[in-house]
Amino acid sequence: AGARSGSGSGNILVGYGVSTEPARPRRRRVGATIPTPRPAMPSGPSRSSGLAGTSGLAGTSGLAGSSEPAGSAGSASRTAVAVVSPLVRRLARDNGVDLQTLSGTGPGGLIMRRDVEAAVGDPQAPAPHLAESDATIVSLDAIGRRAAEMFTRSRREVPDATCWVDADATGLLAARDALNAGGAEPRIGLLAILARVCVAALLRAPELNSSVVTDADGRATGVRRHGGVHLGFAAQTPRGLAVPVVHHAEDMTTARLSAELTRLTAAARGGRLTPAELTGGTFTLNNYGVFGVDGSTPIIAHPQVAMLGVGRIVSRPWVVDGALAVRSVVQLSFTFDHRVCDGATAGAFLRFVADAVEDPTALLRHL
């Protein structure tokens, strides 16, 4: 287009080309001034920049072509980047990638989507500049570092699932009060009764008291079933979460379990737990009801394969023998590693625990 100087329009709209019909002269009004013709613009693209000249395209001011000389008042304070696609700009913005730091691999140095994606996946890519603030870094202590490593590994490796059920805990509260009647020592708390229930349930489902055996590539090759129930329980301390372990809980009575739970909780809060008391757990009981919440989907403590969560006990309407009544209700949640069991096994475990909570005397059949 534009091969003949006298044909077509001097301004070309991209996508429409040049008219092939000769221009029709317009009739001039009498007394009108004849405009002086301007010098013809060069028809070829400019080659002075790394990209094709784009001064005649609308919406491409982000390219190298610019009508202002360097150092003029209108020049940008940062060098313009060679990006055409708004999708590429948005991808960079959403991922915190500074386009000024990238070298384009497209024609003429154009920054392509693959360039931004490579920067996002490159840990050595320059981090986006953040404004200074009053933020501080708090170092993790040994327990915090160990917990962070355990939770991260569990989330990365364990295909977990969670099921839950509401249970009428009115009978559980009555059983606790009966066990502590007359000032009997040691006093037995709800956590001790729930621990006893967990031990009985694990003896019925030994695959949940286990750990997964993996090869050098991390692939599961088997399940190691542990001979004893080493019951961990979550304890909140001034230094954060700790998970002390009651070793061989299957050999303890409910009273002895209660005494051991009390001792380990005090040691955790006082920072006196030994390494042996923090390791070797095969199952965890998590009583997050003390924080006033109903439910949770906890992260399994690697290398364990299951965890029972207990929410707060609250008064709720409940149907008893066909009539509505106010009962003490608790939500139980059970998170398990799907590599060691299916939903039927997990559901049976949780149902056993819920039945024991609703009727603690039924537990006597399994002790």
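Overview of results
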quantity: Output for region 147-175, where each listed residue is more than 25 Å from Ala346 (Cβ to Cβ) and over 19 Å from the mean Cα position of the chain (by Cα); calculated: Thr170, Leu173, Ala174, Ala175
quantity: Residue selected from region 274-294 under the condition of a type in the set (A, V, I, L, M, F, W, C) and assigned to a helix (DSSP H, G or I), by the criterion farthest from Leu261 (Cα to Cα); calculated: Phe291
quantity: Pair list, Cβ under 6 Å, 6 or more apart: region 288-316 residue without any contact (Cβ under 8 Å) to a residue 40 or more places away in the chain and polar (S, T, N, Q), other residue surrounded by 14 or more Cβ atoms within 10 Å (Cβ to Cβ) and not in a strand (DSSP E or B); calculated: Ser296/Tyr288
quantity: Hits in region 255-277 - residues which are surrounded by 18 or more Cβ atoms within 10 Å (Cβ to Cβ) and touching a residue at least 40 places away in the same chain (Cβ under 8 Å); calculated: Leu257, Ser258, Leu261
quantity: Residue match in region 322-330 (condition: at pLDDT below 95, closer than 20 Å to Val199 by Cα, surrounded by 21 or more Cβ atoms within 10 Å (Cβ to Cβ) and in the same structural domain as Leu190 (by TED's automatic domain parsing)); calculated: no
quantity: Ala234 being among the small types (Gly, Ala, Ser), in the same structural domain as Gly309 (by TED's automatic domain parsing) and touching a helix residue (DSSP H, G or I) at 6+ places or on another chain (Cβ under 7 Å); calculated: no
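The values are calculated or read from the model by the stated rules, or taken from the named source; none is laboratory data. Source: prediction; values computed, not measured. Using ideal geometry, Cβ is built from the backbone for each residue, glycine included, and neighbour counts are taken over all protein chains shown.
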